[in-house]
Amino acid sequence: MKITFTNHMPVTETMQFEHIFEPELWLDEDDKSSLLKSCISAWMFIDDELAGEIYGVSHADLDEDIPDVNPGDKDYIYLYSLALLPKFQGKGLSKILMAYWLGQVGDKFKVIDAHCTSAGIIPVMRSFGAKFFGAHQNWFDSGREATYCKICL
C-alpha cells in the first residue's frame, strides 16, 4: 500500500467527503472553498486513490459560532474535519492522516480542539493525548452526538 499526501486539492474533488455525514453537516462548494482558504489542510491518497481529508482553522480566523470554541485565540486551531471515505475506514488510516496533519500544525499552535461526531474518532484523538470535556446532543440538528476534546501540543 502506497500512502501519499497533498495540501492542495480542487474543492470540487473533495465534495464526496461531505456526503459521509448527514445533510445538516454538509458544506456546499462555496462555503467549503471559503473555509479552506483559512485552513491548514491535507488529503490522503492510498495507491493514488483519494482516501481522506483533514483540515483545521485557527480560532483567530474562525468566523462561525461553534459551541465550546473561543474565537480569536491565535494559540488554538479547531480541527474542523477528519474524514475517510467509507472504503478506507477501519484500517487505522485516521491516525496516519492525523499524525501527518499534526506535523504541519504542531509548531504553529499550542492547542488543537475538536468535536468528535463518530465513535471511531474518539480513540484516534485519545491516542494523541486528547482530553474530553463533555458532549452535545443532536449536533447542528444532525442527530449525532459531538464530544468536545483538546490536545495540548
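Residues in segment 100-124 that are touching a strand residue (DSSP E or B) at 6+ places or on another chain (Cβ under 8 Å) and more than 23 Å from residue 38 (Cα to Cα) were compared, and the one that is surrounded by the most Cβ atoms within 10 Å (Cβ to Cβ) is 121.
Listed here are the residues, each with its yes/no results for (1) more than 22 Å from residue 24 (Cβ to Cβ); (2) small (Gly, Ala, Ser).
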position: 44; (1), (2): yes, no
position: 50; (1), (2): yes, no
position: 80; (1), (2): no, no
position: 85; (1), (2): no, no
position: 93; (1), (2): yes, no
position: 99; (1), (2): yes, yes
position: 123; (1), (2): yes, no
position: 129; (1), (2): yes, yes
position: 147; (1), (2): no, no
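Can residue 54 be described as assigned to a strand (DSSP E or B), touching a Gly at 6+ places or on another chain (Cβ under 8 Å), surrounded by 22 or more Cβ atoms within 10 Å (Cβ to Cβ) and in contact (Cβ under 8 Å) with a residue 12 or more places away in the chain? Give the derivation first.
Values: assigned to a strand (DSSP E or B): yes; touching a Gly at 6+ places or on another chain (Cβ under 8 Å): no; surrounded by 22 or more Cβ atoms within 10 Å (Cβ to Cβ): yes; in contact (Cβ under 8 Å) with a residue 12 or more places away in the chain: yes.
Criteria not met by residue 54.
Among the residues of segment 100-120, those identified as among the hydrophobic types (A, V, I, L, M, F, W, C) and either over 12 Å from the mean Cα position of the chain (by Cα) or farther than 19 Å from residue 3 by Cβ (or both) are 105, 109, 111, 112, 114, 116, 119.
The condition of being in contact with a strand residue (DSSP E or B) (Cβ under 8 Å, 6 or more places away or on another chain), modelled with pLDDT under 95 and not acidic (Asp, Glu) holds for only one of 62, 50, that being 62. For segment 49-67, filtered to residues that are of a type outside the set (A, V, I, L, M) and more than 16 Å from the chain's Cα centre (by Cα), the residue that is nearest to residue 15 (Cα to Cα) is 49. Filtering 97, 62 for residues that are in contact with a Pro (Cβ under 7 Å, 6 or more places away or on another chain) and surrounded by 14 or more Cβ atoms within 10 Å (Cβ to Cβ) leaves a single hit, 62.
The values are calculated or read from the model by the stated rules, or taken from the named source; none is laboratory data. Because the structure is predicted, anything quoted here is derived from the model rather than measured. Note that each Cβ is placed from the backbone with ideal geometry, even for glycine, and that neighbours are counted across all protein chains shown.
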